[in-house]
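Below you'll find the structure, written out as structure tokens, and then a few comments.
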Amino acid sequence: MQGWWRSNQAVGLYILLIAGGLFLYVWAQPWAHRVMRDGFLLGLMPMIGLGFMLVCGLGMLVDPLRREVPETLREVGWGDVWVPPVMLLATGLCFWAMSWLGFVLAAPPFLLFVMLWFGVRPLRLALVLSVAVPVAVFAFFTLLGVRLPRGVLAGFL
Amino acid sequence: MQIEAFHDALALVFTVETLAWLAIGVFLGVGLGAIPGLTASTGIALMLPLSFTLEIAGALGLLIGLYKGAVFGGSISAISFATPGAPDSAATVYDGYKLTKQGKGRKAILTALYSSVTADTASDIVVILVAPTIALLALQFGPTERLWLMVVAITLLGTLSGRHLAKGMLSAGIGLFLGTIGADPVSNVARNTFGQDWLRDGIHLVPLVIGIFAMSQMLDQGLELLRRKRVPERVQERLADLFGKKSEGLTFREYLSCWREMGIGIGVGTFVGALPGLGATVAAFMSYGIAKQLFPQKRIGEGSIHGIAAAESGNNATVGPTLVPLLAFGIPGSATAALIGAALILQGITPSPRMFTLHAEVIYALFLILILGNFFNLGIGRAFAFVYARLGQVPGEVLVPVIMLMAVIGAFAARGDASDVYMMLGLGFLGFLMRRAGIPEAPLVITFLIAPLLEENLRRALLINRGDWGGALFGSALGIGLAGFALFVILLTFKLNVGRRIAGIGHAEEERPKR
């Protein structure tokens with residue numbers, strides 16, 4: 001799948017839109033125009049950062065590499081749209097479950113799900129690893145004095 | 001030399017705990033480097049939260065050991081499977097893999113180890129001699145000069161980090177913007193929080209580095225795993241060669257015969273490592289390319305230990321010098337230096353030239369750890385390199401979810417704050433999008449770290465000049481010179497496509513030899 005939307009020029013346009021929107025948002029905030037005691041504008045640094053992004057986005061629209069499609073965007077397909085968010089969602093859910101189930105109970109289902117999704121077979125291997133890894137990690141961090149969430153097992157661990 | 005501080009440093013470093021963490025760091029680092037797809041930055045980002053549960057010397061031992069080990073470790077999979085553990089070791093593939101196919105894999109790995117350790121030690125000595133002198137010079141700088149020095153560093157990073165100037169600078173812009181979220185560094189007034197109270201303290205460094213370096217990479221690799229199944233090609237027979245007792249080792253005479261290539265690697269690596277933005281990959285390819293041009297009779301590229309020595313000494317010689325800008329100016333010159341700087345900040349020590357007077361014992365401890373790390377690298381590399389070659393076989397299907405879990409633990413363990421984990425996940429997605437668009441991550445992290453210092457120095461310069469912007473920005477000849485240099489770098493990069501040429505060093509070499 002080739003197309004203009006993968007080119008550096010398109011990436012520049014996306015950047016321009018995002019940075020432009022952020023710039024307008026910051027500009028509209030009262031704190032951005034607040035002058036501090038030393039005479040410094042509170043919003044100056046964020047606006048410099050966004051200004052930098054806008055200039056770079058503009059640069060990508062017109063520079064000599066504008067028609068080039070980055071190697072990493074050449075093979076982009078629908079998987080790139082849904083796989084990373086699902087991976088992040090699964091990780092987020094695992095962490096959310098940790099707060100009440102504890103690390104030792106919340107981590108195995110997450111590991112099992114992702115390992116099976118990625119293709120770890122046989123199932124027995126995935127099951128063993130998804131239980132053994134969290135137990136080992138928990139033991140290691142406990143030895144180091146790092147307290148991981150214990151959840152409902154707080155009384156036992 | 002401050003003798004008392006040196007004694008304190010000896011007491012800090014020569015404890016069972018520090019030496020054990022140094023050994024653990026190297027052990028983990030070599031293993032991490034040997035696994036294709038995992039880099040030193042990923043490892044250090046994941047270990048950062050653990051480091052601040054340790055004493056300062058132990059933390060430095062863990063992180064520097066990990067860094068040194070990982071840079072060497074990359075060569076193991078490059079030699080064994082023609083798959084570099086990290087881009088730094090890509091130049092090692094040409095000769096290393098050919099030697100493995102000839103049944104001389106053991107010789108190749110030993111050459112990589114000895115040349116890595118030799119170059120690393122030599123460049124560390126240069127750092128120890130040079131850094132204090134530069135720091136002494138940097139102490140004379142006022143806020144205006146410091147401000148422009150940071151601008152120069154950001155410019156160099158942005159322009160040299162990749163082949164596309166606009167993308168490098170864009171990454172720096174994102175870092176600057178993210179660095180301004182939360183209370184401003186001088187008046188402590190909240191800004192840029194998008195109305196969220198939990199952003200009042202700003203984005204914490206640990207979720208940022210774990211998200212940008214570790215989580216984004218795992219998202220990338222997870223996607224890659226689902227896209228195609230990797231088939232380990234004839235791994236068993238090649239590994240059998242590495243483990244076989246009959247396999248040819250490296251003689252002392254052969255090691256000495258590589259002295260010219262190691263010399264080139266030390267020179268190139270030390271220089272490139274000290275410059276912000278270039279890094280070990282460029283050093284390895286430059287050193288390899290120079291050696292190949294200078295000594296055609298050594299048949300570099302056709303399975304020669306001299307090619308391995310040039311590439312490996314080039315990349316390992318950057319390890320120490322990459323800390324020079326951090327120690328001398330308080331400005332990290334690479335992603336790894338930024339992470340080591342972050343570890344120092346989390347330990348309550350701000351990297352700056354004043355560190356040499358305020359925390360001299362920490363500086364000496366760091367120097368000792370740099371040198372000691374090489375001995376540990378030699379010992380652990382010698383004992384376990386052939387075992388680590390097996391690590392390249394650990395399937396990504398298992399590694400990716402485990403590292404994702406470690407990223408969650410790392411982000412949470414730092415402050416015990418749930419919002420850090422969600423922030424890490426969000427930043428991981430940002431890092432993934434940047435990777436996809438070919439935007440380098442290192443300028444983002446480094447500018448994020450520099451942003452408060454940049455503002456502090458600008459505001460200090462303005463105060464000194466009573467609000468006069470002209471005086472604050474161009475009040476000194478050195479300031480004008482540095483500003484001019486930054487502008488010159490941008491113009492030169494744009495005109496000559498410097499980033500593209502540097503990025504092309506590796507590609508040009510990759511196209512030449514046929515495996």
**Request:** Filter segment A:81-104 down to residues that are surrounded by fewer than 22 Cβ atoms within 10 Å (Cβ to Cβ), out of contact with any Phe, Trp or Tyr (no Cβ under 7 Å at 6 or more places or on another chain) and closer than 21 Å to A:Leu148 by Cβ, then give me how many there are.
**Result:** 7
**Request:** Tell me the helices (runs of 4 or more DSSP H) entirely within segment B:116-221 that contain at least 3 residues that are within 12 Å of chain A (Cβ to nearest Cβ) and not small (Gly, Ala, Ser).
**Result:** B:143-160, B:165-179
**Prompt:** Checking B:Ala291 against (1) in a helix (DSSP H, G or I); (2) within 14 Å of the chain's Cα centre (by Cα), which single condition isn't satisfied?
**Reply:** (2)
**Prompt:** Got a number for residues in segment A:72-85 being within 7 Å of another protein chain (Cβ to nearest Cβ), more than 18 Å from B:Gly426 (Cα to Cα) and free of Cβ contacts under 8 Å to residues at least 24 places away in the same chain?
**Reply:** 2
**Message:** Of everything in segment B:248-266, what is over 25 Å from the mean Cα position of the chain (by Cα) and within 14 Å of B:Ser116 (Cβ to Cβ)? Give them in sequence order.
**Reply:** B:Leu250, B:Tyr255, B:Cys258
**Prompt:** What are the residue pairs meeting all of these: first residue in segment B:56-84, first residue on the phi > 0 side of the Ramachandran plot, second residue part of a helix (DSSP H, G or I), Cβ atoms under 6 Å, and 6 or more apart or on different chains?
**Reply:** B:Ala82/B:Val93; B:Ala82/B:Tyr97
**Prompt:** modelled with pLDDT of 95 or more, surrounded by 13 or more Cβ atoms within 10 Å (Cβ to Cβ), at the interface with another protein chain (Cβ under 8 Å from one of its Cβ atoms) and in contact with a Pro (Cβ under 9 Å, 6 or more places away or on another chain): does that describe A:Leu111?
**Reply:** yes
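Do we find that A:Thr142 is out of contact with any helix residue (DSSP H, G or I) (no Cβ under 9 Å at 6 or more places or on another chain), surrounded by 12 or more Cβ atoms within 10 Å (Cβ to Cβ) and in a helix (DSSP H, G or I) in this structure?
It is true that A:Thr142 is out of contact with any helix residue (DSSP H, G or I) (no Cβ under 9 Å at 6 or more places or on another chain), surrounded by 12 or more Cβ atoms within 10 Å (Cβ to Cβ) and in a helix (DSSP H, G or I).
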**Item:** Cross-chain or 6+ apart pairs with Cβ under 8 Å, segment B:4-22 first and more than 19 Å from B:Leu358 (Cβ to Cβ), then loosely packed, with under 13 Cβ neighbours inside 10 Å
**Value:** none
**Request:** Please enumerate the residues belonging to segment B:447-479 that are among the aliphatic types (A, V, I, L, M) and either touching a Cys at 6+ places or on another chain (Cβ under 8 Å) or closer than 23 Å to B:Leu160 by Cβ (or both).
**Result:** B:Leu449, B:Ile450, B:Ala451, B:Leu453, B:Leu454, B:Leu478
**Request:** Could you look through segment B:33-67, keep only residues that are within 20 Å of B:Tyr288 (Cβ to Cβ) and of a type outside the set (Gly, Ala, Ser), and pick out the one that is modelled with the lowest pLDDT?
**Result:** B:Pro36
**Message:** Going by what's in this entry, would B:Leu427 be described as more than 21 Å from the chain's Cα centre (by Cα), at pLDDT 90 or above and of a type outside the set (Gly, Ala, Ser)?
**Reply:** no
**Request:** Considering (1) buried (at least 19 other Cβ atoms within 10 Å of the Cβ); (2) more than 7 Å from chain B (Cβ to nearest Cβ); (3) under 28 Å from B:Ala407 (Cα atoms), say which one A:Ile15 fails and leave the rest.
**Result:** (2)
**Message:** When you check A:Arg37 against the structure, is it within 10 Å of chain B (Cβ to nearest Cβ), among the basic types (Lys, Arg) and surrounded by fewer than 12 Cβ atoms within 10 Å (Cβ to Cβ), yes or no?
**Reply:** yes
**Request:** Look at A:Leu123 and say whether it is away from every other protein chain (no Cβ under 11 Å), surrounded by fewer than 19 Cβ atoms within 10 Å (Cβ to Cβ) and under 20 Å from B:Glu397 (Cβ atoms).
**Result:** yes
**Asked** Can you tell me which residue in segment B:309-333 is nearest to the chain's Cα centre (by Cα), limited to those that are of a type in the set (Gly, Ala, Ser) and either more than 22 Å from B:Glu456 (Cα to Cα) or part of a helix (DSSP H, G or I) (or both)?
**Response** B:Gly320
**Complete:** Restricting segment A:1-12 to residues that are of a type in the set (S, T, N, Q) and assigned to a loop (DSSP other than H, G, I, E, B), the one nearest to the other protein chains (Cβ to nearest Cβ) turns out to be A:Ser7
**Item:** Spans of helices (runs of 4 or more DSSP H) in segment A:44-124 with at least 2 residues among the polar types (S, T, N, Q)
**Value:** A:78-101
**Item:** Of residues in segment B:153-188 being crowded, with 23+ Cβ neighbours inside 10 Å and over 25 Å from A:Val11 (Cα atoms), the one modelled with the lowest pLDDT
**Value:** B:Ala153
**Request:** Tally the residues that are surrounded by fewer than 20 Cβ atoms within 10 Å (Cβ to Cβ), over 25 Å from B:Ile210 (Cβ atoms) and either facing another protein chain (nearest Cβ under 9 Å) or touching a residue at least 24 places away in the same chain (Cβ under 8 Å) (or both), restricting the search to segment B:428-465.
**Result:** 4
**Message:** Return the residues of segment B:339-359 that are buried (at least 16 other Cβ atoms within 10 Å of the Cβ) and in a loop (DSSP other than H, G, I, E, B); say none if nothing qualifies.
**Reply:** B:Gln347, B:Ile349, B:Pro351, B:Ser352, B:Pro353, B:His359
**Prompt:** Considering segment A:61-71 alone, what residues qualify as being touching a residue at least 24 places away in the same chain (Cβ under 8 Å) and within 13 Å of B:Ile439 (Cα to Cα)?
**Reply:** A:Val69, A:Pro70
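The values are calculated or read from the model by the stated rules, or taken from the named source; none is laboratory data. Note that the structure is a prediction, hence the values are computed from the model and not measured. All Cβ positions, glycine included, derive from the backbone under ideal geometry; neighbour counts span all protein chains shown.
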